[in-house]
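Chemist: Below are the structure tokens for one structure; questions will follow.
The values are calculated or read from the model by the stated rules, or taken from the named source; none is laboratory data. Every value quoted in this text rests on a predicted model; they were computed, and no experiment measured them. No Cβ is skipped: glycine too gets one built from the backbone with ideal geometry, and neighbour counts run over all protein chains shown.
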Amino acid sequence: MTARSAGKAPESWEQFKVKAFGARTEVIEGVEIIVPADIPLNFTAAFSALGPESGIDDFGESVTLLYGEGVFDQWVDRGMGAIGLLTALMWGYMQGGGKDVTFQDAFQVVTSDDPGKAVTAVVGNRAARRAQSSGTGGRSSRTSAASTASPRTKSRT
């Protein structure tokens, strides 16, 4: 035991995660889930691979990675539809990425013709945030009255 940890009770990883990330819950389609506070490392690859040709099990894998075992089957049993599933996945993904968005925000992204632009509209982007805080003064005046044109008519080369 180091001097730094002497006298402190050992803490498990799960206890640390609850303290550091919180353990907020939400009910989606009648199932209580823990709101993701981080994105599992393999979620992005699994989620990005989903498409029209993906089978139901492929979606189940993404739900399990984000929300835990058994959640997907409970949602299926309760009659969740495809748009609802994608909305729940997008909402969890954005929550885990640090964006406290609404279900309506996630739905807007899922149903958009351009999801990339929809995400930017929902959560903003760096340029938009910077533009809000930039000065609102008029155009700058010239700093010198001297002409910058050269009076030479021939090249010196």
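Chemist: From Lys99, Lys19, grab the single residue that is within 27 Å of Ala121 (Cβ to Cβ) and among the basic types (Lys, Arg).
Modeler: None of the others qualify; the one that does is Lys99.
Chemist: Something else: How many residues does region 48-60 contain that are under 19 Å from the mean Cα position of the chain (by Cα) and either among the basic types (Lys, Arg) or under 18 Å from Val76 (Cα atoms) (or both)?
Modeler: So the answer is 2.
Chemist: Could you say whether any residue in region 54-64 is of a type in the set (A, V, I, L, M), surrounded by fewer than 17 Cβ atoms within 10 Å (Cβ to Cβ) and over 21 Å from Val109 (Cβ atoms)? Even if it seems obvious, please write down each step before you answer.
Modeler: Of all residues in region 54-64, those of a type in the set (A, V, I, L, M) come to 56, 63.
Then keep just the ones that are surrounded by fewer than 17 Cβ atoms within 10 Å (Cβ to Cβ); that gives 56.
The next check asks that each one be over 21 Å from Val109 (Cβ atoms); those that pass are 56.
Scanning region 54-64, I find at least one residue that is of a type in the set (A, V, I, L, M), surrounded by fewer than 17 Cβ atoms within 10 Å (Cβ to Cβ) and over 21 Å from Val109 (Cβ atoms), so the answer is yes.
Chemist: Another one. So which residues in region 86-100 are part of a helix (DSSP H, G or I) and either touching a residue at least 40 places away in the same chain (Cβ under 8 Å) or in contact with a Phe, Trp or Tyr (Cβ under 6 Å, 6 or more places away or on another chain) (or both), if there are any at all?
Modeler: Hits for region 86-100 are Thr87, Ala88, Leu89, Trp91, Gly92, Tyr93, Gln95, Gly96.
Chemist: For Gln104, which of the numbered conditions (1) within 17 Å of Leu50 (Cα to Cα); (2) assigned to a helix (DSSP H, G or I) fails to hold?
Modeler: It fails just one condition, (1).
Chemist: A follow-up question, please. Are any of the residues in region 111-126 modelled with pLDDT of 90 or more, in a helix (DSSP H, G or I) and either closer than 13 Å to Ile28 by Cβ or of a type outside the set (Phe, Trp, Tyr) (or both)?
Modeler: Scanning region 111-126 turns up at least one residue that is modelled with pLDDT of 90 or more, in a helix (DSSP H, G or I) and either closer than 13 Å to Ile28 by Cβ or of a type outside the set (Phe, Trp, Tyr) (or both).
Chemist: Let me spell it out: the conditions are (1) out of contact with any helix residue (DSSP H, G or I) (no Cβ under 8 Å at 6 or more places or on another chain); (2) modelled with pLDDT under 90, and Ala49 meets all of them except one. Which number is the exception?
Modeler: (1)
Chemist: Another one. Mind telling me which of the residues Ala106, Ala118, Ala88 ends up being touching a Ser or Thr at 6+ places or on another chain (Cβ under 7 Å), under 22 Å from Ile56 (Cα atoms) and surrounded by 13 or more Cβ atoms within 10 Å (Cβ to Cβ)?
Modeler: Ala106
Chemist: Do any residues in region 71-85 that are within 17 Å of Gln104 (Cβ to Cβ) and of a type outside the set (A, V, I, L, M) have Cβ atoms under 7 Å from those of residues that are at pLDDT 95 or above and surrounded by 13 or more Cβ atoms within 10 Å (Cβ to Cβ), where the two are at least six apart or on different chains, and which pairs are they?
Modeler: Going by the 7 Å Cβ cut-off, the qualifying pairs are Gly84/Glu29.
Chemist: When the residues of region 65-74 are narrowed to those that are out of contact with any helix residue (DSSP H, G or I) (no Cβ under 6 Å at 6 or more places or on another chain) and closer than 18 Å to Gly96 by Cβ, which ends up surrounded by the fewest Cβ atoms within 10 Å (Cβ to Cβ)?
Modeler: Glu69
Chemist: Of the residues in region 7-39, how many are in a strand (DSSP E or B) and out of contact with any Ser or Thr (no Cβ under 7 Å at 6 or more places or on another chain)?
Modeler: So the answer is 5.
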